[in-house]
1. With the alpha-carbon atoms as the only input, what is the per residue convex hull volume for the chain in Å³?
2. State to the nearest 20 debye the size of the charge dipole of region 1-61 about its Cα centre, where the only charges are +1 on K and R beta carbons and -1 on D and E beta carbons.
3. Report the full-extension gain for the segment residue 272 to residue 165: residue separation times 0.36 nm, less the Cα-Cα distance, to one decimal in nm.
4. Taking the dipole about the Cα centre of region 183-280, with the C-beta of Lys and Arg at +1 and of Asp and Glu at -1, give me whichever of 244, 193, 219 is farthest to the positive side.
5. Using a 10 Å cut-off on Cβ atoms, rank the peptides 202-215, 178-191 from the highest mean neighbour count down.
6. Set Lys and Arg Cβ to +1 and Asp and Glu Cβ to -1, take the dipole of the chain about its Cα centre, and tell me which of 277, 24, 234 lies farthest positive.
7. Between residue 109 and residue 213, 0.36 nm times their residue separation minus their Cα-Cα distance comes to what?
8. Divide by every residue of the chain the summed helix terms, -39500 (n - 2.57) for each DSSP H run of at least 4, and state the resulting mean residue ellipticity at 222 nm, rounded to the nearest 500 deg cm²/dmol.
Amino acid sequence: MEESNQYLDAIKRIESLHANMSVLSRLNGLLRNTNTDLDTVSRLIQSDGALATGIIKISNSAFFGSGQRNKDVHSALRKVGLNQALRLVGIAMSKQVFMHDLKAYGLTADDYWTYSYFCGVFMDTSAQRVGLNQDDAYLLGLLHALGRVVINELLRNTQVEIFWSPTIPPEQWEEIMVGFRYYTAGAMLLECWKFEPLLCKDVREQCDETCISANPLLALLDYTRQLALMNRWNMNLENWVYPQNHAYLHLTGSEEDQIAFDLRRSCQLVKDIRETLKNY
């Protein structure tokens, strides 16, 4: 019971610390409605002053092109387009949520951000080609590993410093240390922020082999995760190693040259966003 209470306390602390993540959740819901207009989205973002300021700054960056500088959220959204609103908010939120060291996992803030943002961008890019919903793919890739923040928070508050060793499979280490896997914690955290039930379900089932073999979106996530880990998410690596005989390849008919194109585009986007965030 004590361990369960500590787990829930860690989730509550993170939920409170990043309360504006609920804006991303509500934005995702709004954008599913084809009748949603620019004013409605602007009002939602303006409900969080810090986020609104960040959105304006990022929209004025070189990544989104030159031209007249935006002075408010409405003009920022008009510049990037409503269809890019989720990505614009995702960029702003990623710095707040992912730019923190996960010491228990031996991950620096840049490691964690790069891995998470790469997964979101690569899944977004790939989804467009294979006919999956891009918004769903982007959010799942971006947020799938969020539960590691919960586990890191739990271990940070212990009296003894505990660090993951690469000699132990991470799933085994998490079970030993805290009694649950990161995807369980991540799904619960996303539920607290009221993200779409299907996203929460996908986060919870992301390592279930039966689900991966039947669900193209989960297969894409698993392929993306393996691709990133096999190459240590090195955006400057010239020759990446690709997972072979994966369910994603069978479900979508993707060829290596197509994936290589998606990969090059994604790596460049991650580099460009990193430069953008240096000034934010």
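Coordinate-derived values only; no laboratory data. Note that this is a predicted model, so its numbers are computed, not measured. Note that each Cβ is placed from the backbone with ideal geometry, even for glycine, and that neighbours are counted across all protein chains shown.
1. Values: hull volume 38.1 nm³, N = 280.
Considering the Cα atoms of the chain, their hull volume per residue is 136 Å³.
2. Working: 6 positive and 7 negative charges, 54 e Å.
So the magnitude is around 260 debye.
3. Working: separation 107, 0.36 × 107 = 38.52 nm, distance 3.19 nm.
Here the segment from residue 272 to residue 165 would lengthen by 35.3 nm.
4. Going by the Cα projections, it comes out as 193.
5. Numbers: 202-215: 17.4, 178-191: 21.1.
By packing density, highest mean first, the sequence is 178-191, 202-215.
6. 277
7. On the way: separation 104, 0.36 × 104 = 37.44 nm, distance 3.21 nm.
Taking residue 109 through residue 213 to full extension adds about 34.2 nm, to one decimal.
8. -21000 deg cm²/dmol
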